[in-house]
Every structure is written in structure tokens, then in C-alpha cells.
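To start, the structure under review is shown below, and the notes come after it.
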Amino acid sequence: MNGAFADYKWAALVSDWTVFGEGFAHTVLVSGLALLLALLLGGFFGVLSSGSSKLAKGLARVYIESIQNTPLVIQVFFLYHALPHLGIMLPTFAVGVLGVGVYHGAYVSEVVRAGIQAVPRGQLEAAYSQGFSFWRAMRHIILPQAKRMAFPPLTNQAVSLIKNTSVLAMVAGGELMYQADSWSSSNLYYGPAYVATGILYIALCLPLATYARRLEEQTGVKG
């Protein structure tokens, strides 16, 4: 076979498989930490959005709207190129975790808010009658019930988060797409590089996507 998928190009890829292995491991690590950050931010701002305080709701909306209505590429570009002008120097790994985590935190917060709103209002009122504060009621009564409704769309958010780590290639993030671009640009073997990269992304995302579909079938909640 000749052209973009010539046999010798595949042989070169097999010979240099560690390059893609390093990118895969880096993607897994960035994705895991970014997902943790997204869950923390999403849980916090999702609860704020569900409270009665207008100030808290306003702060949550500022975060959610500003993040959801700007591309992730611009946000990562700002973290990498603009923050140094403010005296803040972040390594590319931190840029990846922070950029992707903050971006998906805005979407997770909407999922959390929807899950909270699906819990009957009487549950919160009953908690207040027992002397619970708003945050204690959320932690012990509302969020455990909302979790069932929120889990399928949260799983889909995890799939999107993994794929969105690919934007870090633009700032030499070291993840899978960056390694594929670097390797293929040095030898012009783009065909095998992108096929292998796609397969590795499928290996990460397909199990989660399948799990999300099963949850949707069990709970009747769409992601």
C-alpha cells in the first residue's frame, strides 16, 4: 500500500509506539484531574444556582454564562498566553487541568442544578423544619437524591471532557493529540498517526459512553 497509509508508515508507528503511549497516559491524567475540578466547581455553583439568594444565583450565572459562551480554545489560549502578562506563570499541565476543568465545571453545574430541581421542593422544606441549614440540607438530603438524576448526563460530560483535552495540542500540552501532531509533522506520516489517535480516544470514551447509555435506560434520564 502506498500513500497516506503506506505499510512502512505503520511500521514506523509501531516502532515509536511509546510516543503515543506517553500521550495516552498524559491524557488520562489530565482528564482525571480536570474531571475532579469540574465536579467540585459544578457541585458548588450548581447548589448556588438552586438557592434563594439572588447574589449567589447572580455569581453562579456570571461563571456559567461567561464560560459556556466562549470557546474552550480561547480560554486555554488566555491561560497560557495572557496570564504571564499578569505575572502568573502556569505549566502546560496546570493549564490543561485548569482550562478543561473550569470549562466543564460550568456544564456540570447545570446538570447539578437540574438534578436538584428534580427533587420535590417539600424535601428541602422538611429539612428546614428539622433545623437543617441550606448547605446541610443539600449535603445530607437533596444531593443524594439528585445524584440519581444527574449521574447519566455527568457521565456524558466526562466523555466530552476527555475529547476536549485535545485542544491542549495548541499549547504543547503533551497529551495524545499533541504527541500525534509532533510525531507526524516530523515525518509526514499523518494517516497512521491520526488513526491510532482516534482508536486510543475510542478506547477511553466508548466504555464511558456505553455506561452512560445503560444509566439512561435504567433511570429514564437522558444525558
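Would you mind stating whether Val119 is more than 24 Å from the chain's Cα centre (by Cα), aliphatic (A, V, I, L, M) and within 21 Å of Gln218 (Cα to Cα)?
So Val119 fits the description; yes.
Residue by residue through the range 74-94, note down the ones that are in a helix (DSSP H, G or I), surrounded by 15 or more Cβ atoms within 10 Å (Cβ to Cβ) and not aromatic (Phe, Trp, Tyr).
Residues satisfying the conditions are Gln75, Val76, Leu79, Thr92.
Tell me which residues, restricted to the range 183-216, are assigned to a helix (DSSP H, G or I), within 22 Å of Gly3 (Cα to Cα) and touching a Phe, Trp or Tyr at 6+ places or on another chain (Cβ under 8 Å). Quick ask: steps written out before the conclusion?
We begin by selecting, within the range 183-216, every residue assigned to a helix (DSSP H, G or I); these are 183-187, 190-216.
Of the ones still in play, those that are also within 22 Å of Gly3 (Cα to Cα) are 183-187, 190-199.
Trp183, Ser184, Gly191, Pro192, Ala193, Val195, Ala196, Thr197 - these are the residues of the range 183-216 that are assigned to a helix (DSSP H, G or I), within 22 Å of Gly3 (Cα to Cα) and touching a Phe, Trp or Tyr at 6+ places or on another chain (Cβ under 8 Å).
Taking only the range 164-182 into account, find how many residues are buried (at least 24 other Cβ atoms within 10 Å of the Cβ) and closer than 16 Å to Val95 by Cα.
Qualifying residue count for the region: 5.
Would you say Met149 is assigned to a helix (DSSP H, G or I), under 21 Å from Tyr80 (Cα atoms) and among the hydrophobic types (A, V, I, L, M, F, W, C)?
Values: assigned to a helix (DSSP H, G or I): yes; under 21 Å from Tyr80 (Cα atoms): no; among the hydrophobic types (A, V, I, L, M, F, W, C): yes.
Criteria not met by Met149.
From the set of residues in the range 42-72 that are buried (at least 21 other Cβ atoms within 10 Å of the Cβ) and under 18 Å from the mean Cα position of the chain (by Cα), which is farthest from Gln145 (Cα to Cα)? Walk me through it before giving the result.
Of the residues in the range 42-72, the ones buried (at least 21 other Cβ atoms within 10 Å of the Cβ) are 42, 45-50, 60, 64.
From the residues that got through so far, the ones that are under 18 Å from the mean Cα position of the chain (by Cα) too are 42, 45-46, 64.
Numbers: Gly42: 17, Phe45: 18, Gly46: 14, Ile64: 23 Å.
Once the filter is applied, the top-ranked residue is Ile64.
Condition first: closer than 23 Å to Phe77 by Cα and either crowded, with 18+ Cβ neighbours inside 10 Å or in contact with a Gly (Cβ under 7 Å, 6 or more places away or on another chain) (or both). Now tell me which residues in the range 185-196 satisfy that.
Start the filter on the range 185-196 by keeping residues that are closer than 23 Å to Phe77 by Cα, which leaves 185.
Answer for the range 185-196, where residues must be closer than 23 Å to Phe77 by Cα and either crowded, with 18+ Cβ neighbours inside 10 Å or in contact with a Gly (Cβ under 7 Å, 6 or more places away or on another chain) (or both): there is none.
Whether any residue in the range 46-55 is part of a helix (DSSP H, G or I) and in contact with a Pro (Cβ under 6 Å, 6 or more places away or on another chain) is what I want to check. Talk me through it step by step, then tell me what you get.
The initial filter retains those residues of the range 46-55 that are part of a helix (DSSP H, G or I), namely 46-50, 54-55.
If we keep only those that are in contact with a Pro (Cβ under 6 Å, 6 or more places away or on another chain) as well, we get none.
Checking the range 46-55: not a single residue is part of a helix (DSSP H, G or I) and in contact with a Pro (Cβ under 6 Å, 6 or more places away or on another chain).
Restricting to the range 91-110, name every residue that is aliphatic (A, V, I, L, M) and in contact with a Phe, Trp or Tyr (Cβ under 9 Å, 6 or more places away or on another chain).
Of the residues in the range 91-110, the ones aliphatic (A, V, I, L, M) are 94-95, 97-98, 100, 102, 106, 108.
The answer is Val95, Val102, Ala106, Val108.
Please work out which residue is nearest to Arg113 (Cα to Cα), limiting yourself to the range 1-45 and to residues that are part of a helix (DSSP H, G or I) and of a type in the set (S, T, N, Q). I'd like the intermediate steps shown before the answer.
The first filter runs over the range 1-45 and keeps only residues part of a helix (DSSP H, G or I), leaving 3-5, 7-15, 17-45.
Applying the additional criterion that residues be of a type in the set (S, T, N, Q) yields 15, 18, 27, 31.
On the way: Ser15: 49, Thr18: 42, Thr27: 28, Ser31: 23 Å.
Applying the filter and picking the extreme gives Ser31.
Looking only at the range 2-36, which residues are crowded, with 21+ Cβ neighbours inside 10 Å and under 25 Å from Val62 (Cβ atoms)?
Scanning the range 2-36 gives Ala34, Leu35.
Take the conditions crowded, with 18+ Cβ neighbours inside 10 Å and out of contact with any helix residue (DSSP H, G or I) (no Cβ under 6 Å at 6 or more places or on another chain) and apply them to Val97. Does it pass? Lay out the reasoning, then the answer.
Values: crowded, with 18+ Cβ neighbours inside 10 Å: yes; out of contact with any helix residue (DSSP H, G or I) (no Cβ under 6 Å at 6 or more places or on another chain): no.
In short, no.
For the range 197-207, what are the residues that are surrounded by fewer than 16 Cβ atoms within 10 Å (Cβ to Cβ) and among the hydrophobic types (A, V, I, L, M, F, W, C)?
Across the range 197-207, the qualifying residues are Ile199, Ile202, Ala203, Leu206.
Being of a type in the set (A, V, I, L, M, F, W, C) and assigned to a helix (DSSP H, G or I) is the filter here, so list the residues in the range 109-139 that pass it. Break it down into steps so the answer makes sense when it comes.
Initially, the range 109-139 is screened for residues of a type in the set (A, V, I, L, M, F, W, C), giving 111-112, 114, 116, 118-119, 124, 126-127, 132, 134-135, 137-138.
Residues satisfying the conditions are Val111, Val112, Ala114, Ile116, Ala118, Leu124, Ala126, Ala127, Phe134, Trp135, Ala137, Met138.
Could you list, in sequence order, all residues of the range 152-182 that are within 16 Å of Thr27 (Cα to Cα), among the aliphatic types (A, V, I, L, M) and either in a helix (DSSP H, G or I) or in contact with an Asp or Glu (Cβ under 7 Å, 6 or more places away or on another chain) (or both)?
Ala158, Val159, Leu161, Ile162, Val167, Leu168, Ala169, Met170, Val171, Leu176, Met177, Ala180
Just so you know, all these numbers are worked out from the coordinates, no wet-lab data involved. Since the model is a prediction, treat every value here as computed from it, not as a measurement. Cβ: placed from backbone, ideal geometry, glycine included. Neighbour counts: every protein chain shown.
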